[in-house]
Amino acid sequence: MLSKPKLSGRIAKWAIELGEHAIEYKPRPAIKCQVLADFIAEVPQEKEEECKREIEPPVDQRKDEVWKLFTDGASNDEGASAGLKITNPKGQHITYAIRLEFKSTNNEAEYEALLAGLRIARNLGARNLEAHVDSMLVANQIEGSYDAKDDKMASYLAQAKVLMTAFATCKVKHIKRSENK
């Protein structure tokens with residue numbers, strides 16, 4: 001302000017104009033952490049344990065129960081996204097919509113959806129998984145009938161294979177787009 005008198009004149013003008021309103025500046029404290037602390041303090045211990053029981057699979061879960069995963073990925077000029085639906089053996093559904101914050105092709109978006117679904121199913125405790133994809137390329141590359149010629153596709157394929165080893169059984173099936181909701 002001292003080096004540019006023009007600015008100090010402008011600030012003085014605003015100070016005069018706003019002075020009649022008795023406006024005070026108070027810096028805002030960081031409230032993000034406070035919100036989390038308040039939430040934790042308000043949620044009763046019983047509710048927390050109830051939520052954990054709903055998420056975590058029971059210890060006596062049958063080993064032959066199959067979880068189902070439906071994935072779809074799409075890409076256009078405005079961005080890419082992935083969607084997935086996981087169904088546990090009891091028939092309960094969990095649906096996810098993911099926005100990919102990087103440029104990708106349709107095939108890369110399809111792989112991203114599958115990889116996200118495999119990770120989530122693994123974290124939910126699924127032992128046997130049946131994944132349904134509407135991308136013939138992804139299904140056939142995982143099956144082994146198509147080669148991954150592109151470096152990115154080879155990387156995605158390798159990641160999918162590694163994640164699939166986390167399950168006792170994991171099958172990837174191709175379905176028609178009309179069957180993938």
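Calculate the radius of gyration of the Cα atoms of the range 76-115 to one decimal place, then report Dmax, the largest Cα-Cα distance, as a whole number, both in Å.
When restricted to the Cα atoms of the range 76-115, Rg and Dmax are 12.1, 39 Å.
At what distance in nm do the modelled label points of E65 and E24 sit from each other, each positioned 7 Å from its Cα along Cα→Cβ?
5.9 nm
Could you line up E65, E108, E78 from fewest to most neighbouring Cβ atoms inside 10 Å?
Values: E65 13, E108 22, E78 6.
Result, fewest neighbours first: E78, E65, E108.
How much length, in nm to one decimal, is gained on full extension between W14 and V162, taken as 0.36 nm per residue of separation minus their Cα-Cα distance? Please report the intermediate quantities before stating the final value.
Details: separation 148, 0.36 × 148 = 53.28 nm, distance 6.33 nm.
That pair, W14 and V162, stretches by 46.9 nm at full extension.
Quote the FRET efficiency, to the nearest 0.05, computed for T169 versus D77 with a Förster distance R0 of 41 Å and r equal to the Cβ-Cβ distance.
Values: r = 39 Å, r/R0 = 0.96.
Computed FRET efficiency for T169 and D77 comes out at 0.55.
Check which residues have an amide H placed less than 5 Å from V172's amide H, if you skip close sequence neighbours.
A131
Once a ≥ b ≥ c are taken as the square roots of the eigenvalues of the Cα gyration tensor of the range 101-181, is the result rounded (a/c under 1.5), prolate (a/b larger than b/c) or oblate (a/b not larger than b/c)?
Values: a/c = 1.39, a/b = 1.28, b/c = 1.09.
It comes out rounded by the Cα gyration axes.
What's the exposure ranking of S135, S178, S81, S155, going from fewest to most Cβ atoms within 10 Å? Write down the numbers at each step before the final one.
Values: S135 23, S178 7, S81 18, S155 13.
With the sparsest Cβ surroundings first, the list reads S178, S155, S81, S135.
Could you list the residues of the range 134-151 with an amide nitrogen less than 16 Å from a label point located 7 Å from the Cα of I120 in the Cα-to-C-beta direction?
134
All of the numbers you see were taken from the coordinates with simple rules; none came from a lab. Since we're looking at a predicted model, the values are computed, not measured. Here Cβ is always computed from backbone atoms with ideal geometry, including for glycine, and neighbour counts include all displayed protein chains.
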